[in-house]
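Structure first, then comments.
The values are calculated or read from the model by the stated rules, or taken from the named source; none is laboratory data. Because the structure is a prediction, the values reported are computed rather than measured. No Cβ is skipped: glycine too gets one built from the backbone with ideal geometry, and neighbour counts run over all protein chains shown. Ligands, DNA and RNA are excluded from the accessible area calculation, which covers all protein heavy atoms including side chains. Shrake-Rupley method; radii C 1.70, N 1.55, O 1.52, S 1.80 Å.
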Amino acid sequence: MQAFAASITKPSELHALYKYKFAPKSPSAQRLKQSLAQDALKKRCYEFLNMTSRSFAAVIQELDEELRDAVCLFYLVLRGLDTIEDDMSLDLDRKVELLRSFDQVIYQKGWTFTENGPNEKDRELLVHFDVVIDEFLRLKPEYQKVIANITKLMGDGMADYASGEHRENTAIATIKDFDLYCHYVAGLVGYGLSDLFAASGLESKEIANDKALSDSMGLFLQKTNIIRDYREDLDDGRQFWPKEIWGKYVEKFSDLTKPEYKDKAQACLSDMVLNVLDDVPQVLTYLSKLKNQSVFNFCAIPQVMAISTLALVFNNLDIYHRNIKIRKGEAVKLITNSTDMDNVVSIFREYIFVISRKNEATDPNFMKISMAIGRIEQWIAANYKPSQKALQKAQQPSVLLPILLGLLGVLIMTYFKDA
């Protein structure tokens with residue numbers, strides 16, 4: 001009920017929540033359920049997936065059968081690696097050793113890890129990692145090769161950062177280092193997913209060969225999350241915003257939370273958002289090249305979530321004091337609508353407009369943000385051609401609003417009648 005209450009003034013979100021709540025299981029979900037009922041090992045892996053992933057579990061389980069298990073295991077392997085990197089209680093030498101050898105660990109039957117701190121949130125995954133390894137070894141060799149290769153590249157990158165390369169003490173120093181860090185932890189995920197898509201035959205080799213586009217898919221998500229998670233990371237002693245940006249505005253990273261630096265904090269935030277906006281044209285280019293429906297949905301949903309989050313955090317000083325997120329009704333609406341390029345472009349335009357409207361002329365980054373928005377619109381004008389269906393839909397009057405208002409009126413009358 002809380003989600004419905006939060007979206008009470010948003011009829012389209014109420015409609016999405018209603019459909020989501022009462023929708024039957026998709027054919028993919030039904031087939032997965034049948035498969036897991038006959039395979040205890042695989043079932044345990046999907047239990048770990050649901051346990052460790054708040055956002056990706058549902059979209060992974062909607063992938064075509066040929067690809068679904070490989071992406072599930074890819075996620076769990078990288079989650080295991082990430083759990084080691086995140087654990088600040090691990091001895092540094094031990095952490096670096098594990099990060100650099102994790103691509104070999106996934107071939108060692110029976111390997112488990114119990115050295116994480118008791119409060120590490122995904123500790124349980126590594127305690128039972130032998131289950132993940134057994135299922136990984138059942139994948140096709142071409143899928144194993146992709147996962148092991150990305151694990152090696154990511155583990156080495158994480159180890160470099162953990163041991164002090166590309167950083168000043170515990171902080172990321174330059175924008176170049178920031179891009180490199182995001183490449184290691186997210187851009188490489190884009191590489192691996194594109195390689196898996198191509199290896200499955202569901203997408204062309206072109207998708208795997210264009211590494212710059214794959215990198216941008218990961219960078220856009222990671223950078224947006226890093227902006228959103230400022231307060232959480234600050235409280236945990238982590239610092240991912242590059243000093244090259246925040247150092248223009250304050251002496252200490254934590255100064256951004258202080259009332260006397262409010263204007264500086266706002267300018268710094270817009271500078272961070274500006275850095276992310278430059279990835280949007282590449283994200284839209286990548287999505288436009290996808291052919292398989294389940295792959296498109298899988299890739300599009302996180303990206304529309306990211307642009308909505310970017311619009312939410314832009315010029316929103318609450319990020320310096322608490323973790324903020326979009327409404328559940330808004331998220332469900334985005335998930336159900338991200339089915340084709342017509343809808344995805346429409347969603348991006350909607351949130352780019354929100355950013356444009358919040359962009360203040362007094363902000364020192366006003367002109368640069370306006371130009372970045374212009375480049376996104378320029379990409380859309382030059383590269384996106386609406387489908388016939390989209391053109392017809394644009395000419396039709398919407399009947400959704402009066403229907404939802406009528407339903408809302410009935411619910412309110414029923415509530416007061418029963419009260």
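Points worth noting:
- Within region 309-328, tally of residues that are touching a Phe, Trp or Tyr at 6+ places or on another chain (Cβ under 8 Å) and either part of a loop (DSSP other than H, G, I, E, B) or farther than 19 Å from LYS262 by Cβ (or both): 2
- Residue within region 149-160 that is among the β-branched types (Val, Ile, Thr) and over 12 Å from LEU78 (Cβ atoms) present: no
- For GLU232, the conditions (1) surrounded by fewer than 16 Cβ atoms within 10 Å (Cβ to Cβ); (2) free of Cβ contacts under 8 Å to residues at least 12 places away in the same chain are fulfilled apart from (2).
- Whichever residue in region 137-155 is of a type in the set (S, T, N, Q) and crowded, with 17+ Cβ neighbours inside 10 Å and, among such residues, is nearest to MET51 (Cα to Cα): THR151
- Looking only at region 77-93, and only at residues there that are free of Cβ contacts under 8 Å to residues at least 40 places away in the same chain and within 16 Å of PHE129 (Cβ to Cβ), the one that is surrounded by the fewest Cβ atoms within 10 Å (Cβ to Cβ): ASP86
- Within region 313-346, considering residues that are aliphatic (A, V, I, L, M) and modelled with pLDDT under 95, the one surrounded by the most Cβ atoms within 10 Å (Cβ to Cβ): LEU334
- Selected residue [within 18 Å of the chain's Cα centre (by Cα) and either open to solvent by 40 Å² or more (accessible area, probe 1.4 Å) or small (Gly, Ala, Ser) (or both)] from MET272, MET305: MET305
- Meeting the requirement of 1 or more residues that are within 26 Å of CYS299 (Cα to Cα), the helices (runs of 4 or more DSSP H) wholly within region 158-263 are 175-182, 188-200, 205-209, 211-228, 230-235.
- Looking only at residues of region 98-131 that are open to solvent by 70 Å² or more (accessible area, probe 1.4 Å) and farther than 18 Å from ALA159 by Cα, we find that the one that is nearest to the chain's Cα centre (by Cα) is LYS121.
- Filter pass, ASP134 being modelled with pLDDT under 95, open to solvent by 20 Å² or more (accessible area, probe 1.4 Å) and in a helix (DSSP H, G or I): no
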